[in-house]
Amino acid sequence: MPVTPLPTPSPPTSFPIYAPSPARPARLWRPKRVLVTPASLEHAHGRAMLARAEGLGLHVERLAANRLSGLRDADPRRAYAEAKATLALVVAPPTKLRLQPIPPSADWRFDLAEGCPAHCQYCYLAGSLSGPPVTRAYANLDAILSNLGAYLGQGAVTSAQAPRAHEGTTFEASCYTDPLGIEHLTGSLSAAIRHFGAWKAPVQLRFTTKFAAVEPLLDLDHGRRTRIRFSVNARAAARYEGGTASLDARLRAMRAAAEAGYPVGLTIAPILPVPDWAAGYAALIREAAAALAGVPDLDLTAELITHRFTPGSKQVLEGWYPGSDLPLDEAARSRKLTKFGSVKYVFPKDLMQAMRESLFASLARDLPAARILYWT
Ligand code: SF4
């Protein structure tokens with residue numbers, strides 16, 4: 001099947017070799033509104049998040065009921081913009097305490113929040129969130145964390161696969177949010193890292209992020225039981241990632257986390273046939289290697305995820321980003337059925353194979369320390 005290359009971005013792409021530059025303060029999200037449900041204030045963590053919001057001088061609205069309402073707008077663009085500027089403090093429903101497997105990343109997924117303030121045109125949340133994309137931070141953190149113990153030693157990914165068994169029972173915290181992007185407002189991620197640090201068992205907390213504000217995490221007693229993965233892409237894809245930290249900032253943050261003793265990782269995603277894609281991804285991997293050069297006791301993984309979409313995620317993304325040139329043409333893709341019988345569109349086999357070989361070769365040549373966990 002012919003593959004339509006992506007349009008050349010403007011301005012022209014270049015692939016500079018990574019050179020450490022002085023760290024600048026990361027850009028932190030300031031929501032326009034913070035909605036506070038009564039139920040969230042019954043939890044110490046809810047009250048702590050409210051104190052953070054008030055301390056930052058944010059506009060706080062205490063709701064009379066626990067249901068978030070009034071978020072829809074006849075104009076979908078305005079509804080999207082308002083929702084993306086809103087943080088809600090809520091209590092996670094009981095269903096959130098029944099964990100789901102999350103192959104190929106981890107044994108289990110659990111959620112500290114739902115939603116993300118960034119504006120990625122290929123956001124993977126588009127297929128899983130319903131309604132306006134308000135960021136909801138969960139106040140019942142104690143229940144969420146204490147619930148994890150029931151899953152120790154269970155699972156079908158790291159707990160069952162010999163090559164990854166040393167990771168222990170793994171818990172993925174970034175399926176429905178980017179927990180680092182909202183950490184300055186919640187403190188939930190730090191609490192989870194401390195929880196795993198104190199959990200003297202073969203377990204691992206995992207999260208991936210397109211943000212870079214790792215400073216509050218660096219001194220935590222993490223016990224090397226949290227793997228921080230940085231979601232990165234070829235520089236030609238940067239225009240699809242509104243509101244995130246720059247690639248340079250993410251690479252600096254990865255080095256800082258690794259120097260603080262954290263296992264780290266690269267989530268290269270979503271892999272796209274951007275112009276001159278092989279050179280673009282090779283440059284990305286060289287930059288990552290340069291960013292990590294000389295880090296002692298480096299524990300590094302790589303997860304490689306190609307772009308895919310579903311009819312539902314395409315519809316949501318076209319509503320959120322009507323001007324995007326992200327390639328969502330079914331005719332240029334292979335149609336696949338998931339194990340649940342739903343449809344997804346992936347790149348044709350020949351292109352998949354070419355990209356796989358190219359990225360694997362780049363990693364083997366320029367970043368051999370990276371243990372590749374999966375390609376999908
Ligand atoms: Fe979506 Fe991640 Fe981008 Fe947030 S940072 S908008 S979760 S892809």
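The values are calculated or read from the model by the stated rules, or taken from the named source; none is laboratory data. These numbers come from a predicted model, not from an experiment. When we count neighbours, we look across all protein chains shown, and the Cβ atoms used for this are built from the backbone with ideal geometry, even at glycine. These area figures cover heavy atoms from the full protein model, side chains too; ligands, DNA and RNA do not enter into them. Shrake-Rupley method; radii C 1.70, N 1.55, O 1.52, S 1.80 Å.
Write down the radius of gyration of the stretch 123-214 and its Dmax, each obtained from C-alpha positions, in Å.
14.3, 41
Going down the list Lys314/Lys349; Lys96/Lys200; Lys84/Lys349; Lys314/Lys336; Lys96/Lys336; Lys84/Lys336, which pairs span over 27 Å between their C-alpha atoms?
Pairs exceeding the cut-off: Lys84/Lys349; Lys96/Lys336; Lys84/Lys336.
Which residues among the stretch 155-189 fall inside the zone where the amide N is under 20 Å from a point 7 Å beyond the Cα of Lys32, along Cα→Cβ?
Answer for the stretch 155-189: 182, 185.
Report Rg (one decimal) and Dmax (nearest whole number) for the stretch 29-209, counting Cα atoms only, units Å.
Just the Cα atoms of the stretch 29-209 yield Rg and Dmax of 16.7, 52 Å.
Once phi is turned into ³J(HN,Hα) by the Karplus curve 6.51 cos²θ - 1.76 cosθ + 1.60 with θ = phi - 60°, what whole-Hz value does each residue of the stretch 359-373 show in order, with x for glycine and proline?
Coupling constants for the stretch 359-373: 6, 4, 5, 4, 5, 5, 7, 9, 9, x, 5, 7, 8, 7, 7 Hz.
Around Lys210, which amide H atoms from residues at least 5 apart in sequence, or from another chain, sit under 5 Å from its own amide H, with H modelled in the peptide plane?
Close amide H contacts, sequence-distant or interchain: Ser231.
Quote to one decimal, in nm, the extra length available between Val60 and Lys200 on full extension: 0.36 nm per residue of separation minus the C-alpha distance between them.
Net length gain for the segment: 46.5 nm.
If you restrict to DSSP beta bridges whose two residues both lie in the stretch 29-209, what percentage is antiparallel, to the nearest 5?
Among the beta bridges of the stretch 29-209, antiparallel pairing accounts for roughly 20 percent.
Amide H to amide H, which residues 5 or more places from Phe309 or on other chains are under 5 Å from it, using H placed in the peptide plane?
Residues meeting the amide H criterion: Tyr345.
Just the number, please: carbon plus sulfur as a percent of the accessible area of the stretch 29-209, 1.4 Å probe, no ligands or DNA/RNA counted.
Ligands and nucleic acids excluded, carbon and sulfur reach 54 percent.
Going by a ≥ b ≥ c, the root eigenvalues of the Cα gyration tensor, does the stretch 64-154 fall in the rounded group (a/c under 1.5), the prolate group (a/b larger than b/c) or the oblate group?
Because a/c hits 1.5 or more and a/b fails to exceed b/c, the stretch 64-154 counts as oblate.
For the chain, what does the accessible surface come to per residue with a 1.4 Å probe? Please give it in Å².
43 Å²
Over its Cα atoms, what ratio of radius of gyration to 2.2 N^0.38 Å does the stretch 150-290 give?
1.09
What are the ³J(HN,Hα) couplings of the stretch 90-102, residue after residue, when phi is run through the Karplus curve with 6.51, -1.76, 1.60 and θ = phi - 60°? Round to Hz, x for glycine and proline.
Ordered by residue, 3J(HN,Hα) equals 9, 9, 5, x, x, 4, 5, 8, 9, 6, 10, x, 9 Hz.
Using amide H atoms built in the peptide plane, which far-off residues or other-chain residues are under 5 Å from Ala302 H to H?
Placed amide hydrogens put Leu266, Arg371, Ile372, Leu373 under 5 Å from Ala302.
Taking the inverse of the average 1/r across all pairs of different Cα atoms in the chain, what Kirkwood radius in Å do you get?
Hydrodynamic radius (Kirkwood, Cα only) of the chain equals 21.4 Å.
Evaluate E = 1/(1 + (r/R0)^6) for Ala143 and Ala364, where r is the Cβ-Cβ distance and R0 equals 45 Å; express this FRET efficiency to the nearest 0.05.
0.55
Which one, Pro104, Gln154, Thr135, is farthest towards the positive end of the dipole of the stretch 83-157 when Lys and Arg carry +1 and Asp and Glu -1 on their Cβ?
Comparing the listed Cα positions along the dipole, Thr135 ranks first.
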